[in-house]
Every structure is written in C-alpha cells, then in structure tokens.
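Notes for the one structure printed next.
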Amino acid sequence: MEVRELPLEDRFVEHFEEKGIESLYPPQVAAVEAGVADDQRVVAALPTASGKTLVAQLAMLTADGPALYVVPLRALATEKYETFSELPGVSVGVATGDYDGDDDGFEDDDIVVATCEKVDSAIRNGAEWVERLACVVVDEVHLLDARGRGPTLEVTLAKLQRLRPDQQIVALSATVGNADEIADWLDAELVQSTWRPVDLKTGVYDDGAIAFEDGENRRIDADDRPPTTALVADALDEGGQSLVFVNSRREAQQLAAELADEGFAAAPEIAEEIGPDATTSTGEALASAAKGGVAFHHAGLRAEHRSIVENAFRERELRVLCATPTLAAGVNVPARRVIVRDTERFTGEGYDPLPVLEVHQMFGRAGRPGLDPYGEAVLVATGENADSLRERYVGAEPEPVESKLAAREPLRTHVLATVAGGFADSREGLRDVLASTFFAHQRDESELRDLTDEVLAYLDATGMLRRDGGLAATDLGRLVSRVYVDPLTGAEVVEAVETAAAMERVTALTILELVCDTEDMTTQHVRNDEAGRLSEFAMRREDQFTKSVSEFEGNFQSWLGTLKTARLLADWADGADAETIDERYGVAPGDVRRLAESAAWLLSATEVIAEHLADGAVGRDADAESDAAADGGETADADYESVVDRIRETREALVERED
DNA sequence: CCTCAGGTCTTTTAGACAGCATGTC
DNA sequence: CTAAAAGACCTGAGG
C-alpha cells in the first residue's frame with residue numbers, strides 16, 4: 001500500500017514522500033485496514049521501530065478534530081513534538097511539567113503531546129481542551145502494568161472516554177502477552193505483528209560462542225578477556241556499535257572505563273565537548289571514557305551530558321555505550337549489537353530476574369533501520385545459566401499486562417480526584433467510574449470495593465472529603481487534587497505546616513525537611529560514614545524541625561535520608577555548585593537536578609496548602625479570640641503567614657538554581 | 001618495613017511523572 | 001528486610 005492511496009490531504013502525502021516514506025510497512029497496512037485512518041479504534045502491538053509513529057499520525061491527521069498524543073516520558077514528548085511539528089500546517093503543543101506556561105494555548109492546537117500525568121492534571125483542573133479531543137493516541141500502553149504509573153493511565157483513559165465517548169482511541173504497545181485484553185477494554189481492533197524493518201538475531205553467549213536462535217553459532221575468541229569485552233570487540237571488528245545493559249550505575253561506569261582502556265576507538269572531540277563541565281566525579285569519568293570512544297549512560301548524568309552521549313552515539317562518534325535500563329525505555333538510541341550482561345535487578349527484596357518485556361525492549365534497540373544490515377541481541381551467560389536464560393528470554397512470550405489499580409496508594413489519589421473533579425458524587429457514581437477502568441475489565445469492579453471504602457474513610461478522616469449521604473470533596477480535598485499530590489502528602493503537609501506555624505524558628509531547612517518527608521518525595525540514601533554526623537546535626541538543630549528528633553517516632557535511619565536530602569537541597573538553593581554537592585554528599589548532578597525539581601514542585605503545592613490553612617486560621621483566630629475573650633484566656637499565636645513566606649522564599653531560591 | 005595474596009566483613013544496589021497564581025496601562 | 005558482588009579492611013607470609 002502506497003502513502004498516496006491513503007485518505008490524507010496532499011500536503012501530508014508530499015511531506016511523507018519527502019521523508020522517504022512512500023509505501024507502508026506490513027503492520028501499518030494492517031492498521032489502515034483496521035481503520036486507523038477512518039476514525040476506528042485500534043490497538044497496535046508492534047515491536048520498536050516498526051513504524052508506530054506513522055500509524056499515530058494517520059489517526060491524528062484523519063481525525064475529525066484535535067488530537068492528543070500521550071507519552072510516558074518528557075523526553076519522548078519532546079521527541080514527538082519535534083516530529084509532529086514538521087507536518088505542514090499543523091499546530092502542535094507540548095504539555096509536560098517542565099514546559100510551564102501557556103496552559104490555555106492548547107485550544108488552538110491540532111495535536112497536543114502530553115505526559116499521562118499532565119493530561120490527568122489538566123482534567124482535574126478543568127482544562128477545556130481535553131474535552132474537545134476527537135482522537136487520543138496512547139504510546140506505550142503496556143505501562144498499564146507499571147505499579148507507580150499504570151493506574152493513572154487507566155483512570156485517565158477512562159475519564160477521557162467519559163468526556164467524549166465517541167472519540168477515537170489508538171493505543172500503541174510493545175509486544176505483550178495479552179494485547180487482546182487491552183483491545184477488548186478499549187473496544188478497539190487489535191493489530192499484532194512481530195515484523196521489523198531490520199532483522200533481529202537473538203542469541204546467548206556462552207563458552208566462547210554466541211548461539212543464535214536461528215541455529216547460527218558464532219565463535220568469539222575471548223582470549224582471557226571478560227565475555228562482554230570480547231563481544232564488544234567482535235562487534236567493532238564488524239564495524240558495528242554496541243550497547244551494553246548492566247544493572248547498576250557503578251557497573252556502567254566501571255565497564256565503560258575498562259572498555260575505554262582496551263583502546264578500540266577514540267573520540268577526543270566528544271571528550272572535549274564533555275570536558276569543560278566535567279567537574280564532578282561522574283563528569284570526569286565520562287570525559288575520560290569518551291577519550292577511548294566509550295561512554296556510560298544513567299540517571300546520574302547531567303541532562304547536557306546525557307544528550308551529548310545520546311547524540312554522539314547516534315552519530316557513531318562513540319562506539320560503545322554502557323547503560324542502565326534508562327536507555328531501554330527512553331529515547332531511541334539503536335546499535336548494531338545489544339549486549340544484555342545483567343538480567344537481574346535489585347528490588348529492595350533481593351535480586352529479581354528482569355521481566356521478559358523489559359529484556360525484549362533492550363533487544364529491540366538492536367539494529368539501526370536503514371543503516372545496519374541486521375541487529376544482534378546477545379545475552380551473556382554466567383556459569384551454567386545459558387539454557388535457563390535462553391528459555392526465559394529468547395523467543396519467550398512476554399508477561400501479560402496486569403492492572404495495578406487495586407492498591408491503597410493509587411486508589412486514594414484517584415478516588416479523591418474523581419470526586420473532586422466532578423466525575424462522581426456518590427459511591428454508586430464512583431463505582432461506575434471505576435467500572436470503566438482496565439482493572440474492572442480484567443478482574444471485576446467489585447474487587448475494588450473494600451479498598452475503596454477504606455480509602456474513603458481515610459479521605460474523610462483527613463478532611464478531604466465528606467460522606468454525608470453522597471460524596472463531596474472539601475476545599476482542602478479539591479486543592480490537594482488540583483495541585484496533584486498524593487492525599488497522604490496533603491495530610492502530611494497540613495500537619496507539618498500546622499506545627500511549623502506554632503514554631504519559634506522556621507528556616508529554609510525546616511521547610512525543605514517538611515517537603516522531603518512527604519510521600520511524594522524520593523530521598524537519598526545515607527552512607528554509613530554520614531549517619532553519625534547527620535544525627536549530630538539533627539540534634540543541634542532540633543528546634544528547626546517539625547518533628548521531635550530526640551524522641552523520634554518511626555524509622556530514624558530513613559529520616560536521616562530525608563534530612564540529608566533536605567540539607568543537600570538547602571546547600572543547592574544557597575548556591576552550592578554540583579561539584580560541591582558531589583563532594584559533600586556523594587550525589588551525582590543528575591540526581592541533584594531531579595531532587596530539586598521534585599522539591600520545587602512539592603513546595604508549590606505546600607505553598608498553596610499553607611495559604612489555605614492561613615485563610616482558615618484567620619477565621620479560627622477570630623473564633624479563638626472571641627472564645628478567649630469569653631474565657632478571658634490566651635490567644636492563638638500560630639503564625640501561618642510567615643510560614644507561607646518562608647515556603648515561597650525557599651521555592652524561589654530553588655527554582656532560580658534551575659539554570 | 002613493605003608488598004601482596006587471600007580471606008572476611010561491610011557496604012551498596014534503576015528510574016522519573018506532577019503546579020498555583022496573576023497582573024498591566 | 002531481602003541477596004549478590006564490589007570494596008574496605010585485615011592478616012600473614014615472603015622479600
């Protein structure tokens with residue numbers, strides 16, 4: 001099937017032809033036959049790089065109104081925004097947390113690219129553009145399975161369909177065990193294929209040879225070198241780049257250093273590009289590896305370094321990339337040979353084997369369409385596990401996608417948002433909304449009832465929702481839902497701000513500790529040699545914290561992590577540079593940035609909540625004073641205003657540091 | 001006294017979404 | 001509060 005045969009306007013046909021897209025790939029033909037270009041709902045479960053983006057564009061460009069493209073990562077949003085912006089005469093907008101501002105600009109856009117959470121937030125805040133969508137494309141729907149974020153995706157999709165039941169939905173998925181179930185839920189036709197534009201050969205390296213799935217056996221002389229080194233060297237001999245997946249940052253850096261020492265290739269210009277900013281230990285290690293044509297990639301890298309590495313690898317200036325799983329799901333960085341060295345990951349409860357889906361996504365990075373003759377994905381066996389690796393990951397079907405909605409955390413968030421957003425005003429109404437989720441389709445809505453009731457009781461007890469006959473969110477509940485924090489965070493903030501308002505000394509550290517100790521914040525680990533110093537510091541500054549240090553309730557060790565994070569952020573807000581933070585706390589620049597971003601977000605939510613409390617306190621003070629006048633007793637001396645001021649100052653200092 | 005091999009104890013372990021509020025002549 | 005592997009620390013033998 002040719003592009004010109006599609007029901008597209010001429011300018012789009014020309015655009016695609018200019019890009020070299022003239023005829024469709026087989027899975028794309030299947031999607032067209034299923035009706036993507038004809039307003040039909042379609043679920044396309046296809047391998048990476050098999051042309052899903054074109055399928056999405058066909059749906060969006062033929063839809064009868066504005067379209068939304070939902071992605072799981074901000075980096076992906078930027079990538080898609082750039083792609084769609086090239087379409088002639090199409091106005092595209094991006095809605096993600098880091099593109100602030102023009103929230104109402106989307107009214108005029110033909111395509112909006114957004115993260116799932118941003119869409120959820122827009123719905124909660126009553127944005128009008130979400131109600132007009134004729135077409136919604138969901139990228140990476142298999143993330144319905146993700147514990148942290150899947151529930152948001154399914155609830156958001158359920159809400160979007162309620163807002164416009166007739167809208168076209170197109171869901172793009174990796175190959176999963178139960179794509180049919182997802183299609184069924186969305187009332188869509190399933191298009192499934194394993195076709196790829198580049199051949200993929202998958203194999204297991206063991207005992208000096210790669211045993212490929214197709215029977216080929218490729219000898220690789222290790223010559224005393226570790227298997228991974230030999231595999232990389234072999235790929236380089238054939239003129240191909242390698243992408244090696246390992247399971248920790250330390251491994252990634254160490255392996256990069258070892259491979260750089262082998263002297264395979266050199267990329268002095270990349271080292272130089274990294275060089276000037278390589279003040280931290282991470283940056284230095286990266287620059288030094290780059291001299292040998294090798295790099296590593298993990299979330300501790302500064303954003304600038306990360307994109308230098310990605311681009312240099314794409315341009316073939318770097319020949320080897322050692323990465324943590326960041327790269328498997330993120331932006332497209334393909335390589336001739338993908339080497340999966342580690343297939344186990346620490347989970348907090350020992351080591352777990354990686355899910356098949358994840359390993360397949362790593363495999364999927366093998367082979368550059370149009371550039372490599374084929375892609376190779378190689379698992380590295382250790383000891384006697386070659387057969388079990390092969391059985392588990394090669395040619396095995398990925399796990400089915402399972403809804404994670406039936407848990408306390410996602411339910412308390414989404415139950416509150418559903419009520420606060422006006423989607424339900426009774427338990428029956430709430431059930432009705434929940435009945436349209438993927439969970440209900442897969443299991444049964446009734447399985448959510450006990451947890452939902454428990455969550456409703458919690459929301460009532462924390463003053464976010466009332467259950468008198470029907471269900472109604474309180475002012476606090478609406479606020480918490482709109483600022484997009486977990487109700488537990490909301491409750492923690494309310495309590496801490498109330499404590500702070502009665503405190504003598506409220507500093508930036510007070511405020512930072514307050515937000516770092518909420519459910520929505522991730523904190524740093526405390527190294528053994530830091531613990532003593534930190535708890536000493538905590539004792540010294542006890543009067544600055546909203547909780548008692550000397551009579552600590554709960555896990556003191558983990559609170560020290562909270563404190564470490566708060567101190568680090570206080571230093572950062574105070575102007576300390578990445579190098580200083582790295583030396584003082586052993587925290588990499590990418591992590592500092594991420595923590596600062598989260599804290600800034602939570603501080604803004606905290607500010608709004610504190611203002612709300614301040615308003616309430618005015619009323620309460622008046623009451624208290626009249627009571628006091630009646631008793632002739634004390635007056636309330638809680639000072640919310642100065643807490644609000646301190647929160648604002650702290651947030652501003654932190655935001656200013658975001659260069 | 002220094003070095004190095006080998007054993008034992010200790011430490012560490014991936015990633016990344018989200019925002020209110022408005023003024024101004 | 002799980003388990004694997006690197007790293008820190010320790011010990012003892014040999015130069």
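The values are calculated or read from the model by the stated rules, or taken from the named source; none is laboratory data. Being a predicted model, the structure only gives us computed values, none of them experimental. Cβ atoms come from the backbone with ideal geometry, glycine included; neighbour counts cover every protein chain shown. Remember, those area values only see protein heavy atoms, side chains included, never the ligands or the DNA or RNA. Shrake-Rupley method; radii C 1.70, N 1.55, O 1.52, S 1.80 Å.
List of remarks:
- Nearby lysines by direct alpha-carbon distance to A:Lys547 (threshold 27 angstrom, same-chain neighbours under 8 apart not counted): A:Lys564
- Between A:Arg533 and A:Glu519, residue separation times 0.36 nm minus the direct Cα-Cα distance comes to 2.5 nm.
- Whether region A:487-656 is rounded, prolate or oblate, judged on the alpha carbon gyration tensor where a/c under 1.5 counts as rounded: prolate
- For region A:3-192: rounded, prolate or oblate by the Cα gyration tensor [a/c cutoff 1.5]: oblate
- Distant-in-sequence amide H partners of A:Thr115 (H built 1.01 Å from N, under 5 Å): A:Val71, A:Ala95
- FRET efficiency for A:Glu5 and A:Arg149, using Cβ-Cβ distance with R0 set to 45 Å, rounded to 0.05: 0.70
- Of every Cα-Cα pair in chain A, the percent that sits beyond 47 Å: 21 percent
- For region A:239-335: rounded, prolate or oblate by the Cα gyration tensor [a/c cutoff 1.5]: rounded
- Cα point-scatterer Debye curve for region A:486-562, base-10 log of I(q)/I(0) at q = 0.11 Å⁻¹: -0.27
- Full extension of the chain between A:Tyr351 and A:Asp108 gives 82.6 nm of extra length, using 0.36 nm per residue less the Cα-Cα distance.
- Taking label positions 7 Å along the Cα-Cβ direction at both A:Asn555 and A:Ala266, the computed distance is 5.0 nm, reported to one decimal.
- R0 of 25 Å, Cβ-Cβ distance A:Glu315-A:Thr279: FRET efficiency to nearest 0.05: 0.50
- Solvent exposure of region A:456-556 amounts to 48 Å² per residue of accessible area, where only protein heavy atoms count and the probe is 1.4 Å.
- Summarising the amide proton neighbourhood of A:Val136: residues at separation of 5 or more, or on other chains, whose placed amide H is nearer than 5 Å comprise A:Leu68, A:Gln168, A:Ile169, A:Val170.
- Summarising the label geometry, the points placed 7 Å from Cα in the beta-carbon direction at A:Ala435 and A:Asp180 lie 2.6 nm from one another.
- J(HN,Hα) series, region A:645-655, from Karplus relation 6.51 cos²θ - 1.76 cosθ + 1.60, nearest Hz, glycine and proline x: 4, 5, 4, 4, 4, 5, 4, 4, 4, 6, 5
- Along each principal axis, Cα extent of region A:408-474, largest first, Å: 33, 20, 18
- Under 5 Å between amide hydrogens, built in the peptide plane, is the criterion, and for A:Leu190 it picks out A:Val43 among residues at least 5 positions away or on other chains.
- Between A:Asp615 and A:Asp214, the simple label model (points 7 Å from Cα in the Cβ direction) yields a spacing of 6.6 nm.
- Element breakdown for chain A at a 1.4 angstrom probe: carbon and sulfur atoms account for 43% of the accessible area.
- Taking each DSSP H run with n ≥ 4 as -39500 (n - 2.57) and averaging over every residue of chain A yields -15000 deg cm²/dmol at 222 nm.
- The HN-Hα couplings worked out from phi for region A:394-409 by the Karplus form 6.51 cos²θ - 1.76 cosθ + 1.60 (θ = phi - 60°) are 8, x, 7, 7, x, 4, x, 7, 10, 4, 10, 5, 6, 8, 4, 4 Hz, whole numbers, x standing for Gly and Pro.
- Using a cut-off of 22 Å between Cα atoms, the listed pairs A:Lys118/A:Lys404; A:Lys118/A:Lys159; A:Lys52/A:Lys404; A:Lys52/A:Lys80; A:Lys80/A:Lys118 include A:Lys52/A:Lys404 as exceeding that distance.
- Backbone HN-Hα couplings from phi across region A:569-582 [Karplus 6.51/-1.76/1.60, Hz, Gly and Pro as x]: 5, 5, 4, 4, 5, 7, x, 4, 8, 4, 4, 4, 5, 4
- Theoretical gain in end-to-end length, A:Glu131 to A:Arg466 [0.36 nm per residue, Cα-Cα removed]: 117.9 nm
- DSSP-assigned coil residues among GluC sites (Glu not before Pro) in region A:74-161, each with at most 12 further Cβ atoms within 10 Å: A:Glu86, A:Glu128
- Accessible area of region A:199-393 divided out per residue, in Å², using a probe of 1.4 angstrom: 42 Å²
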